[in-house]
1. Scan region 49-102 for residues that are part of a strand (DSSP E or B) and among the small types (G, A, S) and report the count.
2. Has region 144-151 got any residue that is within 14 Å of the chain's Cα centre (by Cα) and of a type in the set (G, A, S)?
3. Quickly run through region 166-181 and pick out the residues that are open to solvent by 40 Å² or more (accessible area, probe 1.4 Å), at pLDDT 95 or above and more than 13 Å from the chain's Cα centre (by Cα).
4. Taking strands (runs of 3 or more DSSP E) that fall entirely within region 113-169, which contain at least 1 residues that are of a type in the set (A, V, I, L, M)?
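The values are calculated or read from the model by the stated rules, or taken from the named source; none is laboratory data. The model shown is predicted, which means the values in this text are computed figures rather than measured ones. When the accessible area is computed, the model is the full protein with side chains, heavy atoms only, and any ligands, DNA or RNA have been set aside. Shrake-Rupley method; radii C 1.70, N 1.55, O 1.52, S 1.80 Å.
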Amino acid sequence: MKIMSDASMGRAAVPAPLHYALGCIACISGLAGMMSPSIASAETSQPASLEAVAQDGDILVSIPILPGGRWCLGWNHSVEGFEVLDCYGYLNGRMVLERSHQPDFAAGLGHISGRGEQVSDGHGGYWINHIDEPVPNDRYVLRVGSTEVNHRILWGTQRFSLSAAAAHERVIMRLYKPDDV
């Protein structure tokens, strides 16, 4: 196991088998601006890290996120196999679920009336925009799927497979802000 320091975030060294702190310029096709690190001019909150924390406390992924930054959690639908996305932002000091992309109305998917606005993606699927729900306590628990499901964090052009590191395990997805400790 590799020990990496995260001194730039004011933290002590932490075990991090897959510690990522990578930036990017371009975004993957169709998601430009939704996941790239950015700075919102009106933001006053502090830099943070998006972290995936294993049950034993190891940090599997740590990505620096500036106020206004965006990322998505993607996975392959367990029946149909296509990619589903939930896209988040670091807005007004909070982790916020902004929108979701669903290529089909397959099992477990669909728009809930009053929760965002469903619009066509132009390819037979749809986006649910304007969900804009703050995530309670800036964290949630994810039961990571198999490598076929491939839960992954998408940040700009970077993809970080949680399934490769923690398939079938409980992982806490959190927005870590050093001043909140």
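1. Filtering region 49-102 down to residues part of a strand (DSSP E or B) leaves 49-54, 59-65, 70-76, 83-91, 94-102.
Filter once more, keeping what is among the small types (G, A, S): 49, 52, 54, 62, 74, 89, 100.
The total comes to 7.
2. Within region 144-151, none of the residues are within 14 Å of the chain's Cα centre (by Cα) and of a type in the set (G, A, S).
3. Across region 166-181, the qualifying residues are H168, E169, R170.
4. The strands (runs of 3 or more DSSP E) meeting that bar are 117-120, 126-129, 139-143, 152-155.
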